[in-house]
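The values are calculated or read from the model by the stated rules, or taken from the named source; none is laboratory data. None of these values were measured; they are calculated from a predicted model. Methodologically, a virtual Cβ is constructed for each residue, glycine included, from the backbone with ideal geometry; neighbour enumeration extends over all protein chains shown.
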Amino acid sequence: MEERTGIVTIKGNPLTLVGKELKVGEPAPDFVVLDHNLSPIQFSSFRGKRCILTSVPSLDTPVCDMETRRFNEEAGRLGSDVVILTISMDLPFAQKRWCAASGVDKVLTLSDHRDASFGTSYGVLIKELRLLARAVFLVDPQGTTRYIQIVKEVTSEPDYEAVLNALKQLT
């Protein structure tokens, strides 16, 4: 499996990403993750929608919490043709508990803990921690990757405005 260094850091320390680097214009890879009830969810089932895929290290950390709450707020304004999936290595039970406690109900939180299917397909699995790097991918209704933002410092938030502006360009 391909490994890449120098892309992300945590508190300035370099980390290794596992998986092939995805590029804008390429087909978005399919993957399978688990929902809160341990049911498999296949990404291809969202074909026909504009998809915002966010990957976070853990919902139980302050930056991931802020980011997911922010995307949940935005989701209410984006329309029914947009789906936001937040993917982490957290166990589905922890995600369900976090969503209930945080009032997050518009973002679909999904777990990649079983196979790291998303992490390796999108090249954001952190080898040293077996967590996902902080990243945002936009996928158009035809299943093509249209925008990628891999956040250099894992403890920083993504550029929300850049994501939302790129989303407006998708039809």
With the structure loaded, tell me whether Val151 is out of contact with any helix residue (DSSP H, G or I) (no Cβ under 7 Å at 6 or more places or on another chain), over 23 Å from Pro40 (Cα atoms) and of a type in the set (Val, Ile, Thr) or whether it fails that test. yes
Right, Val63: modelled with pLDDT of 95 or more, over 13 Å from Thr144 (Cβ atoms) and surrounded by 15 or more Cβ atoms within 10 Å (Cβ to Cβ) or not? no
Would region 127-141 turn up any residue that is farther than 25 Å from Ile10 by Cβ, modelled with pLDDT of 95 or more, touching a Ser or Thr at 6+ places or on another chain (Cβ under 8 Å) and buried (at least 21 other Cβ atoms within 10 Å of the Cβ)? yes
Considering each residue of region 15-39, count those that are of a type outside the set (S, T, N, Q), surrounded by fewer than 17 Cβ atoms within 10 Å (Cβ to Cβ) and over 23 Å from Gln142 (Cβ atoms), and give that number. 2
If the requirement is being at pLDDT below 95 and not in a strand (DSSP E or B), which of these qualifies: Gly76, Gly25? Gly76
Taking Gln42, is it in contact with a His (Cβ under 9 Å, 6 or more places away or on another chain) and either surrounded by fewer than 19 Cβ atoms within 10 Å (Cβ to Cβ) or not basic (Lys, Arg) (or both)? no
Would you confirm whether any residue within region 40-59 is without any contact (Cβ under 8 Å) to a residue 12 or more places away in the chain and assigned to a loop (DSSP other than H, G, I, E, B)? no
What number goes with the only condition from (1) surrounded by fewer than 16 Cβ atoms within 10 Å (Cβ to Cβ); (2) charged (D, E, K, R); (3) closer than 28 Å to Glu73 by Cβ that Glu2 does not pass? (3)
Given the structure, is Gly12 over 16 Å from the mean Cα position of the chain (by Cα), surrounded by fewer than 17 Cβ atoms within 10 Å (Cβ to Cβ) and within 26 Å of Glu128 (Cβ to Cβ)? yes
Within region 133-146, is even one residue more than 25 Å from Pro27 (Cβ to Cβ) and either within 15 Å of the chain's Cα centre (by Cα) or small (Gly, Ala, Ser) (or both)? no
